[in-house]
Amino acid sequence: MSKVRVRVAPSPTGDPHVGTAYQALFNYVFARQHEGQFMLRIEDTDRARSTPQSEQAILSSLRWLGLQWDEGPDVGGPYGPYRQSERTPIYLEHARRLLEAGHAYRCFCTKERLERMRAENRDKKLFPGYDRHCRSISPDESARRAASGEPFVLRMKIPVSGECVMQDLLRGEIRKDWESIDDQILLKSDGFPTYHLANVVDDHLMEITHVIRGEEWISSLPKHLQLYEYFGWEPPVFCHLPLLRNNDPARSKLSKRKNPTSINYYRRAGFLPEALVNFLGLIGGSRAEGDEKFTLDELIRTFRLEDVSLGGPVFDLQKLRWLNGRYVRENYDTSRLRRALEEWALGPEMLERVIPLAQPRLETLSDWGYLTAFFFADAVPFDPAKLELKGKTREDLVTVLQLAVWRLEQAREFSAQGIENIFNDLARKFELKLRDMTRPFYIAITGSEASTPLFQSMAILGSDLVRMRLRRALEALGGISSKKLKEMEKLFESFYGPLA
Ligand code: GLU
């Protein structure tokens with residue numbers, strides 16, 4: 001077999017997700033086991049949602065976990081560029097080949113037509129996908145319309161009948177009727193490729209031998225296999241890892257409403273990278289026996305990709321805390337722990353940010369302890385009865401808190417000024433005085449009504465800890481029903497546009 005080459009291919013559209021770390025880990029381990037290469041590719045074809053901040057955060061959090069890649073946008077390598085936005089001409093060239101060979105076609109349908117069609121399909125309970133209206137346009141007419149400037153997308157021709165037979169390393173054979181699969185868009189009207197085209201082209205050109213990724217992509221596999229076939233390429237081995245699950249009775253898909261999903265949260269909340277890696281290997285892995293505590297090297301020695309259990313790995317925070325505690329107690333002597341604490345939050349950099357906020361409020365140096373404790377903590381104790389919004393109901397408060405969580409999550413830079421702008425704007429929208437609005441936030445974030453300045457403190461704490469504390473406050477207020485959440489989403493979108 002050719003040399004093993006694997007990749008993790010995150011989209012830089014938000015916080016660095018623990019699911020990305022879990023996939024990176026298994027790819028990394030698999031590569032090390034086979035003396036192969038582990039590559040990091042940035043899939044930023046969604047130009048509206050991709051940000052350089054998110055890319056940086058992904059790179060730095062994977063590096064923090066010790067999952068160093070051999071090739072990637074920062075370290076380079078022979079198969080670059082490793083950022084999809086820098087590979088557009090490659091995708092266009094491949095799209096052109098598909099069009100010329102008759103495997104893809106231009107679709108000129110307007111948004112209005114597509115909406116009408118979808119509504120009709122819904123009413124008649126027909127296949128919800130595209131009705132292939134433009135598939136029969138002749139190549140000449142298609143070329144003419146494109147030349148005259150009519151906007152179009154490029155769609156791939158999906159077989160209209162028969163079955164797609166797929167192989168997955170963990171599941172064996174999977175079959176799916178072609179009938180249920182849509183003529184996938186490959187190039188958007190802005191000329192950028194969709195994930196499907198870019199992903200397949202890159203996996204081929206980068207000579208990926210094993211695609212180890214999340215199981216949410218199984219439904220896309222028929223399209224991907226068909227693209228390999230159209231290009232005349234040998235597909236890689238596919239292995240779809242089960243998704244991380246919440247530790248709830250329904251074992252729902254890991255979601256940030258129930259669990260923090262950002263690697264940054266775990267870092268800021270004082271988890272050790274080796275404990276988090278161990279935990280991800282443990283819950284997702286295939287080690288039937290032995291101690292639950294193991295190093296990355298031990299995992300590399302014992303792990304077998306084909307034995308990964310399909311039962312969803314449960315992200316049990318209590319277990320992670322327990323494991324982390326074992327590392328702290330068993331692997332660290334005093335001076336190593338001192339260094340770890342410094343690296344976490346007790347280093348000069350953090351102290352020099354907190355000192356200017358604390359100084360005006362210190363009478364003695366020892367006031368420092370209680371005044372700044374909330375900077376060096378994950379959860380802070382607070383009195384839920386104090387969570388109040390002057391002149392408003394509890395429900396109003398819940399709405400304000402939740403909208404703030406969403407708005408803060410969208411903030412690309414978490415600066416004091418940026419946060420202040422967000423709060424000013426929210427206060428205006430809810431017709432509140434800023435001072436009244438911030439009071440419950442003080443309680444939730446600092447644990448007290450009188451503390452260091454809120455926005456600057458929030459900026460130092462960072463987005464992840466702040467949002468987690470606000471979520472804890474929401475829980476202390478009784479949580480939010482799904483119905484209420486939908487209403488809040490509507491309200492948010494009427495203020496700020498799409499939530500995603
Ligand atoms: N960009 C996709 C993601 O964010 C990668 C999926 C794949 O590995 O093919 O999950």
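Toward the positive end of the charge dipole of region 247-342, about the Cα centre and with charges on Cβ (Lys, Arg +1; Asp, Glu -1), which of 328, 300, 269 goes farthest?
The listed residue farthest towards the positive side: 269.
Starting from the Cα gyration tensor of region 1-44, take the square roots of the eigenvalues, sort them a ≥ b ≥ c, and report rounded, prolate or oblate (rounded when a/c is under 1.5, otherwise prolate if a/b is larger than b/c, else oblate).
Since a/c reaches 1.5 but b/c is at least a/b, the shape of region 1-44 is classed as oblate.
I need the semi-axes of the equivalent ellipsoid of region 240-381: take the C-alpha gyration tensor, multiply each eigenvalue by 5, square-root it, list largest first in whole angstrom.
Its equivalent ellipsoid spans semi-axes of 36, 19, 11 Å.
Mean residue ellipticity at 222 nm from the helices of the chain, using -39,500 (n - 2.57) per DSSP H segment of n ≥ 4 over the full residue count, to the nearest 500 deg cm²/dmol?
The helix-only estimate for the chain comes to -14000 deg cm²/dmol at 222 nm.
Just the number, please: carbon plus sulfur as a percent of the accessible area of region 1-46, 1.4 Å probe, no ligands or DNA/RNA counted.
Taking all protein chains in place, region 1-46 shows 44 percent carbon and sulfur surface.
Percentage of Cα-Cα pair distances in region 313-361 greater than 16 Å, rounded to whole percent?
59
With +1 assigned to the C-beta of every Lys and Arg and -1 to the C-beta of every Asp and Glu, and no other charges, what is the dipole magnitude of region 160-201 about the Cα centre in debye, to the nearest 20?
160
Over the Cα atoms of the chain, what Rg and Dmax result, in angstrom?
25.5, 83
Would region 1-110 count as rounded, prolate or oblate if I go by the C-alpha gyration tensor, calling it rounded below 1.5 in a/c and otherwise prolate when a/b exceeds b/c, oblate otherwise?
Oblate is the answer for region 1-110, as a/c is 1.5 or above yet b/c matches or exceeds a/b.
So which aspartates and glutamates pass the test for residue 386, namely a Cα distance under 18 Å, with those fewer than 8 places away in the same chain ruled out?
Correct list for residue 386: 395, 396, 436, 449, 475.
Please name whichever of 340, 126, 199 sits farthest to the positive end of the charge dipole of the chain, dipole taken about the Cα centre and charges placed at Cβ: Lys and Arg +1, Asp and Glu -1.
Among 340, 126, 199, the one farthest towards the positive end of the dipole of the chain is 126.
Volume per residue, Å³, of the convex hull around the alpha-carbon atoms of region 96-150?
84
Any idea what the dipole of region 82-194 comes to, in debye rounded to 20, about its Cα centre with Lys/Arg Cβ at +1 and Asp/Glu Cβ at -1?
About 160 debye.
Please state, to two decimals, what the Cα-based radius of gyration of region 104-213 comes to when divided by 2.2 N^0.38 Å (N = residues).
Cα Rg divided by the expected 2.2 N^0.38 Å: 1.26.
Helix 482-496 versus the longest principal axis of the chain: what angle, 0 to 90°, nearest 10, using Cα atoms?
Rounded to the nearest ten degrees, it is 80.
Along the positive direction of the dipole of the chain (beta-carbon charges: Lys, Arg +1; Asp, Glu -1; about the Cα centre), which of 445, 178, 104 reaches farthest?
Among 445, 178, 104, the one farthest towards the positive end of the dipole of the chain is 445.
For region 79-95, take each phi angle, set θ = phi - 60°, evaluate the Karplus expression 6.51 cos²θ - 1.76 cosθ + 1.60, and give the result in whole Hz per residue in order, putting x for glycine and proline.
Here the 3J(HN,Hα) series is 10, x, x, 9, 10, 4, 5, 9, 10, 3, x, 5, 5, 4, 4, 6, 5 Hz.
Heavy atoms only, probe 1.4 angstrom, no DNA, RNA or ligands counted: give me 495, 279 ranked by accessible area, highest first.
495, 279
Would region 376-477 count as rounded, prolate or oblate if I go by the C-alpha gyration tensor, calling it rounded below 1.5 in a/c and otherwise prolate when a/b exceeds b/c, oblate otherwise?
Judged from the Cα gyration tensor, region 376-477 comes out rounded (a/c under 1.5).
Assigning unit charges at the beta carbon (Lys, Arg +1; Asp, Glu -1) and nothing else, what dipole magnitude in debye, to the nearest 20, does the chain show about its Cα centre?
1160
Exceeding 29 Å between C-alpha atoms, which entries from my cross-link table qualify? They are 223/319; 157/483; 258/490; 188/429.
223/319; 157/483; 188/429
How much of residue 134 can a 1.4 Å solvent probe reach, expressed as accessible area in Å² and rounded to 10?
Estimated to the nearest 10 Å², residue 134 gives 0 Å².
Mind listing the lone cysteines of the chain, meaning no other Cys beta-carbon sits under 4.7 Å from theirs?
Those would be 109, 164, 239, since no other cysteine Cβ in the chain comes under 4.7 Å of theirs.
What accessible area per residue, rounded to a whole number of Å², is obtained for region 167-232 using a probe radius of 1.4 Å?
Solvent-accessible surface per residue comes out at 38 Å².
Once you list every other residue whose beta carbon is under 10 Å from the beta carbon of residue 23, what net charge do they have if Lys and Arg are +1 and Asp and Glu are -1?
+2
Using a 1.4 angstrom probe and counting only protein chains, how large is the accessible area of residue 367 in Å², to 10?
Surface open to solvent at residue 367 totals about 30 Å².
With just the Cα atoms defining each centre, how far is region 341-413 from region 192-219? Give it in Å.
Computed from Cα coordinates, the inter-centre distance equals 42 Å.
Under 5 Å between amide hydrogens, which residues at least 5 positions from residue 210 or on another chain qualify, with H placed 1.01 Å from N in the peptide plane?
For residue 210, whose amide H was placed from the backbone, the distant partners under 5 Å are 5, 237.
The values are calculated or read from the model by the stated rules, or taken from the named source; none is laboratory data. Being a predicted model, the structure only gives us computed values, none of them experimental. FYI the Cβ positions are ideal-geometry reconstructions off the backbone, even for glycines, and counts take in every protein chain you see. SASA here: full protein model, heavy atoms, side chains in, ligands and nucleic acids out. Shrake-Rupley method; radii C 1.70, N 1.55, O 1.52, S 1.80 Å.
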